[in-house]
Amino acid sequence: MESIYPIMYLDALVVKVKESNQVRNKAAHIAVGVDCDGIKHVLGIWVQTSEGAKFWAGVLAELRNRGMHDVLIACVDGLTGFPEAIEATFANTVLQTCVVHLIRASMRFICHDDRKSVAAALRPIYTAATAEAAAQELDTFEASKWGKKYPATVRVWRDAWERFIPFLAFPPMLRRVIYTTDEIVKIVAGCRSGDRPVTGRCSHPGVPPPPALSAGAQARSRCSAPLDERS
C-alpha cells in the first residue's frame, strides 16, 4: 500500500455470489489506485448486499488504517453521500464525478427516439476546453428545444456541476485518465474473460506499456488485499 495515490477509482459492480446454495446479486465495492509510476493497483474488493455511502465510509477508513495518507483525485459515481464520505477521510482530495455515470443519469429522462439527438447536444458540455466554456454550453443546451423538453436532464447536470468540472482544468491526455470509473469495469471484464490480456500501466502518450499479463497474473500481482465478504 502506497501512502499517496495521485488517482483513485471507487465504484461498486453487481456480481453474483453463491451463498447457502443460492445465487444472489451483491455489490462488489472495488477500489483501484494509480501510483506515482502510473501503475494501477486493486486496493481491495469488499462485497456487501448493496452499495451505500455508509459502507464506503468504512472502506475508506480501512484504506487509511492500512497506510493510505492522501489521494489527489478520487473518481466516483453519483451515489448520494459518497463525496461527503470521502471528504470525511481525505479532506483535501479533489472529487471527480464520473462523466459516464453523469451522462447515463441525465439520459434516463429521454425517450428512445430522442436519445441520439440529445446525446449529441450534450457532448459539447463535457468536451469543452474549460469550465467556463462548459457552463456556456450547458446554458445553450438549456435554452435549446431539448433543454426545454427535458428540464430534468438539465437539473442533473446543474446538481452535479461542482464535482463534474474538476477534470476540465487538466490537459486532454490527463482528462482521459480521470473522467470515468470505467477503468474498474475494464479490469473486471479482463478478469471475467479469463484469458484477456490487460496491462498494468495507464495509457499516456509517449509512455510505452509494460508487457501484457494474463488477467489471472495481473490480479495476483496487483491485488493488495483479499476479498472481504461482509454481509
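Quick notes
- Helices (runs of 4 or more DSSP H) enclosed by the stretch 33-136 - at least 3 residues per element that are over 15 Å from the mean Cα position of the chain (by Cα), at pLDDT 90 or above and in the same structural domain as W157 (by TED's automatic domain parsing): 115-126
- When P83 is tested against (1) surrounded by 13 or more Cβ atoms within 10 Å (Cβ to Cβ); (2) farther than 30 Å from K54 by Cα, only condition (2) is not met.
- Looking only at the stretch 12-60, residues that are among the β-branched types (V, I, T) and in contact with a Pro (Cβ under 9 Å, 6 or more places away or on another chain) come to 3 in all.
- Selection within the stretch 135-181: residues that are among the small types (G, A, S) and closer than 18 Å to V94 by Cα. The member of this set that is surrounded by the most Cβ atoms within 10 Å (Cβ to Cβ) is A160.
- Of the criteria (1) surrounded by 18 or more Cβ atoms within 10 Å (Cβ to Cβ); (2) under 18 Å from I184 (Cβ atoms), which one K16 fails: (1)
- Test result for I184, at pLDDT 95 or above, crowded, with 16+ Cβ neighbours inside 10 Å and β-branched (V, I, T): no
- Pair list, Cβ under 6 Å, 6 or more apart: the stretch 151-174 residue farther than 19 Å from T80 by Cβ, other residue among the charged types (D, E, K, R): V154/E142; F167/R175
The values are calculated or read from the model by the stated rules, or taken from the named source; none is laboratory data. These numbers come from a predicted model, not from an experiment. Note that each Cβ is placed from the backbone with ideal geometry, even for glycine, and that neighbours are counted across all protein chains shown.
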